[in-house]
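Heads up: the structure comes next, in structure tokens.
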Amino acid sequence: MGQLKLENACKSFGSVDVIRDVNLEVQDGEFCVFVGPSGCGKSTLLRMIAGLEDITSGDILIDGQLVNTTPPSQREIAMVFQSYALYPHLNVRDNMGLGLKQAGQPKAEIATAVDRAAGMLDLQNYLTRRPGELSGGQRQRVAIGRAIVRKPKLFLFDEPLSNLDAALRVQTRIEIANLHRELGATMIYVTHDQVEAMTLADRIVVLRDGRIEQVGAPMELYNNPANEFVAGFIGSPKMNFLNAGALGAAGKSVGIRPEHIQLATEGDGIAGRVSHVEHLGGETLVYVKADPHGLVTVRLFGEHSYAVNDQVIMRPDMARAFYFDDNGQRLHPAPA
Amino acid sequence: MSNPFTSARGNLGRTAAAHAILIAYTILALYPVFLILINSVKQRRAIFNDPLALPTAETFDPIGFQTVLEQGNFLLYFQNSLIVTVASLFFVLLFGAMAAFALAEYRFRGNLLMGLYLALGIMIPIRLGTVAILEIMVAAGLVNTLTSLVLVYTAQGLPLAVFILSEFMRQVSDDLKNAARIDGLSEYRIFFTIALPLVRPAMATVAVFTMIPIWNDLWFPLILAPGEATKTLTLGSQIFLGQYVTDWNAVLAALSLAIFPVVVLYLIFSRQLIRGITKGAVK
Ligand SMILES: Nc1ncnc2c1ncn2[C@@H]1O[C@H](COP(=O)(O)OP(=O)(O)OP(=O)(O)O)[C@@H](O)[C@H]1O
Ligand SMILES: [Mg+2]
């Protein structure tokens, strides 16, 4: 079991409100990802769930039990930090087993749990090493192992992969996904990375300034964002926001994803000038300057030979466009 | 640890220059000590005739050491100094680190003010309070005890210790402490097993800065504990310094002997300085 419920959760540091009235329910076995711009309170919310920060007002319930004042070690949670946070004076085995040892588990049981976790993470050969003698990827696997050993109700990850290089990040991401399948445990995961959020999450929670903007499955957020902020935040490269007036539409802006714009050299459409081109092999990103819309990103599949200063015509797929009002809220239904 | 000299490979000239400067400084700094050592084993006349000369077979004379070891309770003084220094050092480091941890780790009302208050002692010499301290010690019946000295030196050493250590305590990774909290370690265990080892280099620095003035102090032993049983080495050596006659052999011998414990303690701490550089905890 591992079900989490936040009711009107608030957190202030002095007079600064960092988390404002967050309501959220995470189901047993769910992989829930928190995303949001830097400083929006993702880590703070995670630390509140862990019990490392007091909750200013509201309730936190784990498996239906109020844990507002329960110390972290008794919330049956485990946390993996961006900075690994391994005990430098203990070897890998003791690092992973310390939680159980503190809980008074018998030695044999701790050893079994550590061996099992080490097996899952390919750490059997490193059990006697100190953290200082491990690579970054191995250290993060030890930190994940330390979490597994505790058999927690909730796994909490705070940007666990951001210190790893790109290749290792992909590999560890897959490992975490496998782990989630194998353990069937509830996981809450904070990240900056679009790909991590989209690939790992059952549900994504988009935060801004301590408030939840939208909660939903990755494709739900991609295909049906509630407002301009979520539309711009989910998807990479970022959605273009075109001037609604210039397109003869109602509202303030028309959102269209870079992959939903075609480029042509003549005919009808929005005329513009190529200002920069990025060739990525599998896809080509063309940045087109078009007044009064500003810089518009166009994502084309395959290789294309547009050059800077070329005059081009953009043809957005208006069936996939989103319309937003002056407050950035979605206009439903889309104006004709 | 990367060495700036090896990374600037082939830059022999700069390496040589740096070493020349360091060696020159070392000689300059150690020369007085060297003079004390060589003159402590010379005849009185030889000391005055040619203070810079090395002892020869003719001028060699261990009379100073004999005097020191026979006259006065030199071993007792020595022991007193050692007890006072080590005990004060222990309390300064323990309480200093604890206060620093609390100041760095916990958010409480008046945290900043408390930090400033504790650091104030760096700027105000404790000797200004000598009269009051003496009155307190008299009232507490602690005059002529080593306890009085340990108490005063602990108070004297704490401000700088808190000031330096709280800066280092702040650098101990929050994630590491939080990981320990999740694993169920108490705040005391976190302090002793996680924070302390990580600030060991800073502790060694503080220890060195704290130790030397305590070992060399003459003021408080003279005022608070001048009794024969509680005399420290520095105070005890004063009997050789007369108003009209000074037994230079004995003074130099006493000084030579007094150097050794300091050197030994320093060696212990400097090794900690190097060994304390822990890596792999975070990042
Ligand atoms: N101990 C603290 N005291 C005061 N303000 C704090 C404290 N911790 C965090 N904050 C503030 O709370 C806000 C949210 O911080 P938090 O670390 O949760 O952001 P985040 O979403 O995790 O950002 P990032 O993506 O950069 O990690 C920030 O504006 C930060 O300045
Ligand atoms: Mg964060």
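The values are calculated or read from the model by the stated rules, or taken from the named source; none is laboratory data. Everything quoted here is computed from the prediction, not taken from an experiment. For neighbour counting, all protein chains shown are included, and Cβ atoms are generated from backbone atoms with ideal geometry for every residue, glycine included. Areas reflect the complete protein model, heavy atoms only, side chains present, ligands, DNA and RNA absent. Shrake-Rupley method; radii C 1.70, N 1.55, O 1.52, S 1.80 Å.
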Positive-end residue, the stretch B:72-243 charge dipole about Cα centroid, Cβ charges, pick of B:168, B:205, B:128: B:168
Give the calculated FRET efficiency between residue A:151 and residue A:326 to the nearest 0.05, with a Förster radius of 51 Å applied to their Cβ-Cβ distance. 0.50
Cβ charges +1 (Lys, Arg) and -1 (Asp, Glu), total dipole of the stretch B:61-180, debye: 420 debye
Using only Cα atoms, what is the ratio of the radius of gyration of the stretch A:22-126 to 2.2 N^0.38 Å? 1.26
Could you state the orientation-averaged shadow area of the convex hull built on the Cα atoms of the protein assembly as shown, in nm² to one decimal? 42.0 nm²
Given the Cα-Cα distance of residue A:224 and residue A:283 and 0.36 nm per residue of separation, how much length would full extension add, in nm? 18.8 nm
Which distance in nm do the two modelled labels at residue B:116 and residue A:10 give, with both placed 7 Å along the Cα-to-Cβ direction? 3.1 nm
Under 21 Å Cα to Cα from residue A:107, which lysines show up? Leave out anything in the same chain fewer than 8 places away. A:151
Positive end of the dipole of chain A, charges at C-beta (+1 Lys, Arg; -1 Asp, Glu), about the Cα centre: which of A:316, A:244, A:204 has its Cα farthest in that direction? A:204
Give the separation of the Cα centroids, the stretch B:53-92 to the stretch A:131-196, in Å. 61 Å
Can you tally the net charge around residue A:319? Count Lys and Arg as +1, Asp and Glu as -1, for every other residue whose Cβ sits under 14 Å from the Cβ of residue A:319. +1
Under Stokes-Einstein, chain B at 25 °C and 0.890 mPa s, with its Kirkwood radius over C-alpha pairs, diffuses with a coefficient in µm²/s of 111 µm²/s
Cα-based helix-to-principal-axis angle, B:12-40 vs chain B, degrees rounded to 10: 50 degrees
Can you pull the mean other chain C-beta count within 10 Å for peptide B:167-179? 4
Point-charge dipole on Cβ atoms (K/R +1, D/E -1) for chain A, about Cα centre, debye to 20: 900 debye
With every protein chain kept in place and a 1.4 Å probe, the residues B:182, B:259 fall, from largest accessible area down, as B:259, B:182
Expressed as a whole number, the average count of other chain Cβ atoms within 10 Å around the Cβ atoms of A:52-64 is 1
Across the stretch A:258-324, what fraction of all alpha-carbon pairs, as a whole percent, falls in each successive 10 Å bin from zero upward? 22, 58, 19, 1
Once amide hydrogens are built 1.01 Å from N within the peptide plane, the residues lying 5 or more places from residue A:271 or on another chain with amide H under 5 Å from its amide H are A:314
For a protection proxy built on the mean count of beta-carbon atoms within 10 angstrom, sort A:220-230, B:12-22, B:186-196 highest first, please. A:220-230, B:186-196, B:12-22
Using alpha-carbon positions, what is the distance between the centroids of the stretch A:66-81 and the stretch A:269-300, in Å? 48 Å
Output row, site residue A:1, 7 Å Cα→C-beta label point, backbone N cut-off 13 Å, window the stretch A:38-67, residues A:62-66
For residue B:259 and residue A:108, FRET efficiency with R0 = 56 Å and r from the beta-carbon atoms, rounded to 0.05? 0.55
Tell me the Kirkwood hydrodynamic radius of the stretch B:84-201 in angstroms, computed as one over the mean inverse distance between distinct C-alpha pairs. 15.7 Å
Among A:132, A:52, A:1, the residue whose Cα sits farthest towards the positive end of the charge dipole of chain A (+1 at Cβ of Lys and Arg, -1 at Cβ of Asp and Glu, taken about the Cα centre) is A:132
Relative to the present Cα-Cα distance, how much length would full extension add between residue A:308 and residue A:247 at 0.36 nm per residue of separation? 19.5 nm
Largest fluctuation, B:121, B:184, B:236 only, Gaussian network model of chain B with Cα springs under 10 angstrom, belongs to B:184
Carbon and sulfur atoms: what percent of the 1.4 Å accessible area of the protein assembly as shown do they account for? 59 percent
Karplus (6.51, -1.76, 1.60) ³J(HN,Hα), θ = phi - 60°, over the stretch A:97-111, in Hz, Gly and Pro reported as x: x, 4, x, 5, 4, 4, 7, x, 6, x, 3, 4, 5, 4, 4
About its Cα centre, how strong a charge dipole does the stretch A:22-94 have in debye, to the nearest 20, once Lys and Arg get +1 and Asp and Glu get -1 at the Cβ? 320 debye
Let's test the formula: R0 of 45 Å, r as the Cβ-Cβ distance of residue B:56 and residue B:22. What FRET efficiency results, to the nearest 0.05? 0.90
Could you tell me the distance between the Cα centroids of the stretch B:117-146 and the stretch B:186-255, to the nearest Å? 16 Å
With a 1.4 Å probe and every protein chain left in place, tell me how much accessible area residue A:306 has, in Å² to the nearest 10. 50 Å²
For the stretch A:115-154, report the accessible area per residue in Å² (1.4 Å probe, heavy atoms, rounded to an integer). 40 Å²
From the protein chains alone at 1.4 Å, what is the descending order of accessible area for A:304, A:192, largest first? A:192, A:304
What fraction of the Cα pairs in the stretch B:4-63, stated in percent, has a spacing above 16 angstrom? 58 percent
Across peptide A:80-92, what mean number of C-beta atoms from other chains lies inside 10 Å of a residue's C-beta? 6
Total accessible area buried between chains A and B, 1.4 Å probe, in Å² to the nearest 100? 2000 Å²
Could you state the per residue volume, in Å³, of the convex hull enclosing the Cα atoms of chain A? 159 Å³
